[in-house]
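Heads up: the structure comes next, in structure tokens.
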Amino acid sequence: MKKVERYFYPAVFSYTEGEEIAVVFPDLSVATSGVDDSDALLSARELLGSALFGLEEDGEAIPAPTPLSDVRMEKNERAVLVDVYMPSVRQAGINRSVNRTVTLPAWLNAAALEHDVNFSQVLQEALKSQLNIG
């Protein structure tokens, strides 16, 4: 099944004097905040991507978004339609860590342990050097 490239979900921005802007996605039961509208929108977009990516990865159903016109709000709230481009979110998820088993001589292992060598860091640096990657 083809994955959705872009999702659009309503978020409720709540404004309270002297506090950060609270942002809630009613359809997903997740929330974030921001110091101003721009920060709140960026936080909302990041949260939306993370929440939907998690649902996709877990094989859970993605709830249908409520139409923006149907979102209930209080006097100090505004409904905002937030979008997220999922290919970018999915690509970022590829950068997660994986375990690898390596074999090395016992004497080299002992010497490295004696010097508190971080095996993961050394292997990453060596691989980057070998592959000519930043």
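The values are calculated or read from the model by the stated rules, or taken from the named source; none is laboratory data. Here the structure is a predicted model, which means the values were calculated and not measured. Because the Cβ atoms are built from the backbone with ideal geometry, glycine has one as well, and the counts that use them run over all protein chains shown.
Brief remarks follow.
- Of residues in segment 23-51 being under 22 Å from residue 2 (Cα atoms) and in contact with a helix residue (DSSP H, G or I) (Cβ under 6 Å, 6 or more places away or on another chain), the one surrounded by the fewest Cβ atoms within 10 Å (Cβ to Cβ): 28
- Restricting attention to segment 27-48, the residues that are more than 16 Å from residue 84 (Cβ to Cβ) and in a loop (DSSP other than H, G, I, E, B) total 3.
- Residue in segment 107-117 that is without any contact (Cβ under 8 Å) to a residue 40 or more places away in the chain, in the same structural domain as residue 23 (by TED's automatic domain parsing) and not aliphatic (A, V, I, L, M) present: no
Results for (1) without any contact (Cβ under 8 Å) to a residue 60 or more places away in the chain; (2) within 30 Å of residue 22 (Cβ to Cβ); (3) in the same structural domain as residue 17 (by TED's automatic domain parsing), shown as yes or no for each residue.
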{"residue": "41", "(1), (2), (3)": "yes, yes, yes"}
{"residue": "49", "(1), (2), (3)": "yes, yes, yes"}
{"residue": "53", "(1), (2), (3)": "yes, yes, yes"}
{"residue": "63", "(1), (2), (3)": "yes, yes, yes"}
{"residue": "80", "(1), (2), (3)": "no, yes, yes"}
{"residue": "86", "(1), (2), (3)": "no, yes, yes"}
{"residue": "89", "(1), (2), (3)": "yes, yes, yes"}
{"residue": "126", "(1), (2), (3)": "yes, no, no"}
{"residue": "133", "(1), (2), (3)": "yes, no, no"}
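- Only one of 4, 35, 23 that is aliphatic (A, V, I, L, M) and touching a residue at least 60 places away in the same chain (Cβ under 8 Å): 4
- Some residue of segment 81-101 being outside any loop (DSSP other than H, G, I, E, B), closer than 30 Å to residue 127 by Cβ and of a type in the set (S, T, N, Q): yes
- Meets criteria (of a type in the set (Gly, Ala, Ser) and over 30 Å from residue 121 (Cα atoms)) for residue 59: yes
- Odd one out for residue 54 among (1) buried (at least 16 other Cβ atoms within 10 Å of the Cβ); (2) within 15 Å of the chain's Cα centre (by Cα): (1)
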